[in-house]
Amino acid sequence: MNPQEPQDQAQENSYDCLEPKEGWHVLHLFYQIDHGQWSMMDDESQLNAKTELSKLIQQIRSTPKTQLLTFSIVTPKADIAFMLLTPDLHTANRFEKMITRSLGPDILTPCYSYLSLTETGEYMTSPEEYAENTLKGEQGLQEGDEEFKNALDEFTVRIEKYAHDKLYPNLPDWPIFCFYSMGKRRGEVNNWYALDHEDRKKLMAAHGRVGRQWHGKIRQLITGSVGLDESEWGVTLFSKDSYEIKEIVYRMRFDEVTVKYGEFGDFYIGIQLPLDELFRRLGL
Ligand code: 76R
C-alpha cells in the first residue's frame with residue numbers, strides 16, 4: 001500500500017481487521033458537488049484538491065483485493081459516484097471517509113449510499129444434486145462409470161469457479177452502470193420468505209434462464225444487504241448499451257419472481273469514466 005497519512009496509518013494498525021467469513025464488502029457512494037463552494041476556491045486549491053482525489057484513488061486501487069470504480073451520474077440525482085469493493089470493513093470505512101473529504105470540506109456532499117456484501121446466492125446446484133438429478137436422472141449414467149466421474153469432476157470445477165467469481169468478482173470496465181436496491185415482498189398473499197426452499201429455487205432457476213439471454217450484453221453483480229442497509233440486495237448492472245439495461249429490467253418485470261415478489265429502490269445510471277475526463281465532465 002502507498003504511504004498514508006500518519007493518522008490513517010495509526011488507525012490501521014490499532015484495530016483487528018473486520019473481514020467477513022466469506023466475500024467482500026461493497027460500498028456504493030453517491031455525492032453531489034457543491035459548485036458554490038468549489039467556485040470560491042482559488043486555482044491552486046482546486047488543483048491541489050483534484051490531485052488529492054487522484055492520489056487517493058491510486059492508493060485505493062493499489063490496496064490488495066480492492067477495486068474502485070468512478071462514475072459520472074446521469075441526471076441530477078447525484079453528480080459523482082464510487083463503487084468500492086474491499087474485504088475489511090475498517091478499510092471500507094476509512095476509504096469512504098477519505099473520499100468524502102478528498103476535495104476539501106463541503107465539496108462532496110453524500111446524497112445516497114449502499115452497503116452490501118458479495119454473496120454466492122443460496123440456489124446453486126450442488127455437485128450431489130447434479131449427480132442425482134442430471135447425471136443419473138436425465139442422462140442415465142451410473143455412479144462409478146468413467147463418464148459419470150468425468151462429468152461430475154467437470155461440474156464441480158465449474159460450480160466452484162462460479163461461486164468464487166460471485167464472492168470475489170472482477171468488475172468490468174464497461175461504460176454504462178446501473179444501480180438499484182431490491183427486496184422481496186413479504187405480503188399476506190405473496191410472501192417470498194414463506195415459500196419452501198425448493199419452490200424458491202425453481203423460481204430463481206427461471207429467473208436465471210431469463211438473465212442468461214443477456215450473456216455478453218449485461219454483467220450483473222447481486223450483493224446482499226439484509227441487516228446492512230435499507231433493502232435486501234444491491235443490483236449493479238454494467239452494459240455497453242443503455243437499451244440492454246432497459247430491456248433486461250423490463251423483461252424481468254414479467255418473470256414470476258419479479259411479478260409477485262420484486263420491490264425496487266431508486267435507479268441510478270452512471271457512466272464509467274477515467275478521472276481526468278470525470279473532472280472535465282463535472283466542471284471541476
Ligand atoms: O442459474 C443461474 O445462474 C441463476 C443465477 C442467478 C441468481 C441466483 C441470477 C442470474 N440471479 C440470481 C439471483 Mn439475478 N438479477 C436480478 C435483477 O430488475 C429486476 O427485476 C431484478 C434485478 C436483474 C436484472 C438480474 C439479472 N438476481 C438474484 C437475486 C437474489 C435472489 C435471492 O437470493 O433470493 C436478485 C435480487 C436478483 C436480481 N440475474 C441472473 C440477472 C442476470 C442477467 C442473470 C444471468 C447471469 C449470467 O448468467 O451471466
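Between M252, M98, M40, find the one with the highest GNM mean-square fluctuation for the chain; connect C-alpha pairs within less than 10 Å.
Ranking M252, M98, M40 by mean-square fluctuation puts M40 first.
So, with +1 on the Cβ of K and R and -1 on the Cβ of D and E, and no other charges, what is the size of the charge dipole of the chain about its Cα centre, to the nearest 20 debye?
Charge dipole of the chain: 780 debye, to the nearest 20.
What fraction, in whole percent, of alpha-carbon pairs in region 17-118 exceed 21 Å separation?
Every Cα pair in region 17-118 considered, those over 21 Å come to 35 percent.
Name the most mobile residue of N48, N190, N150, meaning the one with the largest mean-square fluctuation, in a Gaussian network model of the chain with Cα contacts below 10 Å.
In this elastic network of the chain, the residue with the biggest mean-square fluctuation among N48, N190, N150 is N150.
Counting other Cβ atoms within 10 Å of each Cβ, which GluC sites (Glu not before Pro) in region 231-265 have at most 16 and sit in a DSSP loop?
none
Pulled fully out, how much extra length does the chain show between T75 and M124, if you take 0.36 nm times their separation in residues and subtract their Cα-Cα distance?
13.9 nm
Taking 0.36 nm per residue of separation and subtracting the Cα-Cα distance, what length does fully extending L228 through A205 add?
Gain in length upon complete extension: 5.7 nm.
Nearest 20 debye, what's the magnitude of the dipole of region 17-118 about its Cα centre given +1 on Lys and Arg Cβ and -1 on Asp and Glu Cβ?
360 debye
Leaving ligands, DNA and RNA out of it, work out the accessible area of K50 with a 1.4 Å probe and give it in Å² to the nearest 10.
50 Å²
Which whole-percent values make up P(r) of the chain when all C-alpha to C-alpha distances are grouped in 10 Å steps starting at zero?
Over the chain, the share of Cα pairs per 10 Å bin runs 6, 24, 30, 22, 12, 5, 1, 0 percent.
Using a Gaussian network model of the chain whose springs link C-alpha atoms within less than 10 Å, name the residue from T125, T91, T100 with the highest mean-square fluctuation.
T125
Using Cα centres only, tell me the gap between region 106-159 and region 175-253 in whole Å.
Going from one Cα centre to the other spans 17 Å.
In a shell of Cβ-Cβ distance under 10 Å around K201, excluding K201 itself, what net charge do Lys and Arg (+1) and Asp and Glu (-1) give?
Once positives and negatives cancel, what remains is -3.
Name the residue from G234, A194, G36 whose Cα lies farthest towards the positive end of the charge dipole of the chain, charges +1 on Cβ of Lys and Arg and -1 on Cβ of Asp and Glu.
G36
If R0 is 30 Å, what FRET efficiency do you get for T109 and E22 from their C-beta distance, rounded to 0.05?
The formula returns an efficiency of 0.30 here.
Once R0 is set to 22 Å, what does the formula 1/(1 + (r/R0)^6) return for the Cβ-Cβ distance between S54 and I271, expressed as a FRET efficiency to the nearest 0.05?
E between S54 and I271, to the nearest 0.05, is 0.75.
Can you tell which of Y268, G283, G140 lies farthest toward the positive end of the dipole of the chain, using +1 and -1 charges on the Cβ of basic and acidic side chains (Lys, Arg; Asp, Glu)?
G283
Taking amide H atoms as placed 1.01 Å from N in the peptide plane, list the residues 5 or more away in sequence, or in a different chain, whose amide H sits under 5 Å from that of L141.
When sequence neighbours closer than 5 places are left aside, the close amide H contacts are K136.
Roughly how many debye, to the nearest 20, is the charge dipole of region 118-223 about its Cα centre, given +1 on each Lys and Arg Cβ, -1 on each Asp and Glu Cβ, and no other charges?
Roughly 840 debye, rounded to the nearest 20.
Over region 84-210, with the other protein chains present, what is the accessible area per residue in square angstrom, probe 1.4 angstrom?
About 56 Å² of surface per residue is accessible.
Taking 7 Å along the Cα-to-C-beta vector as the label spot, tell me the D42-R186 distance in nanometres, rounded to one decimal.
According to this spin-label approximation, the distance is 5.7 nm.
The values are calculated or read from the model by the stated rules, or taken from the named source; none is laboratory data. Quick caveat, the model's predicted, so the values are computed rather than measured. Glycine also receives a Cβ, built like all others from the backbone with ideal geometry; neighbour counts cover every protein chain displayed. Heads up: the accessible areas ignore ligands, DNA and RNA and are worked out on the full protein's heavy atoms, side chains in. Shrake-Rupley method; radii C 1.70, N 1.55, O 1.52, S 1.80 Å.
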